[in-house]
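What follows is one structure encoded as structure tokens, with my remarks underneath.
The values are calculated or read from the model by the stated rules, or taken from the named source; none is laboratory data. What you are looking at is a predicted structure, and each value in this text was computed from that prediction instead of being measured. All Cβ positions, even for glycine, are placed from backbone atoms using ideal geometry, and neighbour counts span all protein chains on display.
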């Protein structure tokens with residue numbers, strides 16, 4: 001059944017999700033995409049003119065979905081977001097308005113866990129720093145590279161044992177790391193549970209941040225926690241920048257209160273604190289832990305699948321709210 | 001034992017050096033630019049040589065040390081020691097197996113992740129301020145990729161165990177099939193390379209395994225394949241490797257060892273699909289101390305007429 005462009009269900013797209021660059025054409029063959037950034041109209045006017053009857057929204061993880069934004073879409077029934085994290089959305093307001101929400105579910109968990117482990121090994125074994133050393137032609141001049149730290153035997157505390165945290169734990173066990181965790185609730189896993197992050201930090205020398213950003217976890221990792229982690233301590237963050245008090249983290253790194261950090265996320269991306277750029281004991285990445293060809297393909301299929309389900313009155317594939 | 005002469009082939013560990021100095025009469029070979037003069041003067045005092053991956057005991061050195069009883073290597077690899085000569089002359093040889101297995105395996109996985117996920121490239125991107133101009137590109141997923149291991153010894157098995165936790169199917173090539181594993185065996189290295197996405201060198205360097213990773217193997221691994229070398233530089237035909245990478249016939253490489261360390265082919269410096277490390281496979285504080293203690297333990301055992309801890313010959 002051939003559908004003309006006008007028969008395709010309409011979806012307002014906010015935040016210009018990057019997967020559209022690769023999958024835009026396929027997506028456009030299934031849905032009539034309303035893209036405000038391609039219009040000369042300011043956003044509010046675009047919405048008033050073109051999106052009053054739109055029932056579905058696709059938004060990126062950077063789009064702030066606030067009550068004020070939602071009030072501009074009187075017909076909105078579903079929001080599908082490309083991120084696993086939900087800290088950019090006012091879920092209570094969505095619930096109140098009867099708007100269903102679907103996210104990226106667990107499709108990124110393996111890639112993010114892989115990256116977390118990659119960062120951890122890099123920081124402890126100085127992989128990026130040693131690669132720089134070789135590329136700068138320094139090896140013939142300084143025969144020996146400074147010794148690094150063994151991964152095995154490290155006491156790794158996972159903050160948030162959800163889908164990503166569990167994948168991290170599974171990967172680190174064969175390295176001989178000793179795993180424990182902090183979470184809102186105890187889980188049916190063989191690892192020691194600590195309800196309090198500070199206590200977890202006193203028992204560990206590596207923290208891997210895997211939890212969601214919420215009001216409760218904002219600045220969860222602060223100076224006290226870092227001091228408790230200790231001078232041999234390493235922090236790996238593949239979650240959200242704001243879970244760590246960034247200023248205090250930078251201070252602790254500069255002053256040697258912890259030994260190093262692997263950071264994929266920051267408080268105010270793409271800005272990264274200047275002081276970190278000259279440190280040899282940190283590894284910095286531009287929010288890419290989830291970003292592989294595989295995961296993008298999966299994301300396209302999931303976003304497309306969720307929207308199709310909505311328009312066919314079927315259950316969403318990765319619903320977030322109990323509707 | 002302070003009168004026993006021990007020759008240290010090159011600098012390798014200040015802790016080991018200090019301890020050897022305390023217990024024996026230590027000669028630091030690198031402090032004597034005139035090697036022949038040194039040997040004429042001191043050869044008869046030297047009863048032990050301590051070597052490593054860079055410098056050991058070749059036939060020439062062994063022949064010039066008539067009182068040599070034991071070569072204790074600060075490495076697990078024995079390619080810098082003329083084992084046949086040692087056997088011939090009844091000279092004992094020890095190395096440092098097991099204590100460094102985990103570190104080397106950890107680094108192999110670290111290199112796989114660094115290459116596939118472009119971790120070092122990401123770090124450069126941020127430090128150069130490029131994130132402000134745009135997002136980084138898509139990289140290759142590591143979990144689930146098939147890993148082929150050349151040499152399923154201690155290190156090869158440790159790599160397999162770690163890769164399995166990432167859902168990587170494991171296959172291997174070695175001189176003979178190993179009992180007690182479920183991993184798929186390939187009697188042909190080219191066939192292994194054709195059937196895996198990441199190929200890692202984890203075997204000993206012998207005359208048979210020199211340049212075992214040649215052009216044919218690299219082309220079988222292919223434009224999306226990644227080579228990881230935590231063995232010895234001469235395992236890989238380095239010239240062929242450089243052109244395969246430059247021409248895109250090989251997808252990427254994570255290299256901890258090179259044919260002529262510390263020289264690294266400069267053409268690799270500009271490539272973002274390679275990670276280059278200065279032979280740090282066992283380079284952690286913890287492991288180097290364990291290795292040093294094993295060298296010391298072997299030497300002491302020998303001179304006290306006790307069984308050697310980790311004898312090879």
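When segment A:20-31 is filtered for residues that are more than 14 Å from chain B (Cβ to nearest Cβ), in contact with a helix residue (DSSP H, G or I) (Cβ under 8 Å, 6 or more places away or on another chain) and surrounded by 15 or more Cβ atoms within 10 Å (Cβ to Cβ), the ones remaining, listed by number, are A:27, A:30, A:31. Considering the conditions (1) outside any loop (DSSP other than H, G, I, E, B); (2) under 21 Å from the mean Cα position of the chain (by Cα); (3) within 30 Å of residue B:91 (Cβ to Cβ), residue B:205 is excluded by exactly one of them, (1).
The residues of segment A:305-323 that are assigned to a helix (DSSP H, G or I) and either at pLDDT below 95 or more than 23 Å from residue A:212 (Cα to Cα) (or both), listed by number, are A:305, A:307, A:308, A:309, A:310, A:311.
Among the residues making up segment B:280-295, those that are more than 7 Å from every other protein chain (Cβ to nearest Cβ) and more than 19 Å from residue B:119 (Cα to Cα) are B:282, B:289, B:290, B:291, B:292, B:293, B:294, B:295.
Picking from B:268, B:277, which residue would you name as being in contact with a helix residue (DSSP H, G or I) (Cβ under 7 Å, 6 or more places away or on another chain), more than 8 Å from every other protein chain (Cβ to nearest Cβ), within 26 Å of residue B:238 (Cβ to Cβ) and in contact (Cβ under 8 Å) with a residue 12 or more places away in the chain? After ruling out the rest, the residue left standing is B:268. Note on segment B:142-161: among residues that are within 8 Å of another protein chain (Cβ to nearest Cβ) and surrounded by 19 or more Cβ atoms within 10 Å (Cβ to Cβ), the one that is farthest from residue B:197 (Cα to Cα) is B:143.
Please work out which residue is nearest to residue B:213 (Cα to Cα), limiting yourself to segment B:162-186 and to residues that are within 14 Å of chain A (Cβ to nearest Cβ) and surrounded by fewer than 18 Cβ atoms within 10 Å (Cβ to Cβ). Across segment B:162-186, the extreme among qualifying residues is B:164. Screening segment A:133-159 for residues that are surrounded by fewer than 24 Cβ atoms within 10 Å (Cβ to Cβ) and in contact (Cβ under 8 Å) with a residue 40 or more places away in the chain and picking the one that is nearest to the other protein chains (Cβ to nearest Cβ) gives A:149. Any residue at all in segment A:81-96 that is surrounded by fewer than 19 Cβ atoms within 10 Å (Cβ to Cβ), within 14 Å of chain B (Cβ to nearest Cβ) and either in contact with a helix residue (DSSP H, G or I) (Cβ under 6 Å, 6 or more places away or on another chain) or under 22 Å from residue A:287 (Cα atoms) (or both)? Checked against the condition, which is being surrounded by fewer than 19 Cβ atoms within 10 Å (Cβ to Cβ), within 14 Å of chain B (Cβ to nearest Cβ) and either in contact with a helix residue (DSSP H, G or I) (Cβ under 6 Å, 6 or more places away or on another chain) or under 22 Å from residue A:287 (Cα atoms) (or both), segment A:81-96 yields no hits at all.
Considering each of A:36, A:9, A:17 in turn, give the residue that is buried (at least 18 other Cβ atoms within 10 Å of the Cβ) and either under 13 Å from residue A:307 (Cα atoms) or at pLDDT 95 or above (or both). Walk me through it before giving the result.
Working: A:9 fails: buried (at least 18 other Cβ atoms within 10 Å of the Cβ); A:17 fails: either under 13 Å from residue A:307 (Cα atoms) or at pLDDT 95 or above (or both).
Sole residue among the options that is buried (at least 18 other Cβ atoms within 10 Å of the Cβ) and either under 13 Å from residue A:307 (Cα atoms) or at pLDDT 95 or above (or both): A:36.
Tell me yes or no: at least one residue of segment A:188-197 is in contact with a strand residue (DSSP E or B) (Cβ under 7 Å, 6 or more places away or on another chain), crowded, with 21+ Cβ neighbours inside 10 Å and either farther than 28 Å from residue B:143 by Cβ or at pLDDT 95 or above (or both). Yes - at least one qualifying residue is present in segment A:188-197.
Just name the residue that is nearest to residue B:138 (Cα to Cα) out of those in segment A:259-275 that are at the interface with another protein chain (Cβ under 10 Å from one of its Cβ atoms) and surrounded by 20 or more Cβ atoms within 10 Å (Cβ to Cβ). Looking at residues that are at the interface with another protein chain (Cβ under 10 Å from one of its Cβ atoms) and surrounded by 20 or more Cβ atoms within 10 Å (Cβ to Cβ), I get A:264.
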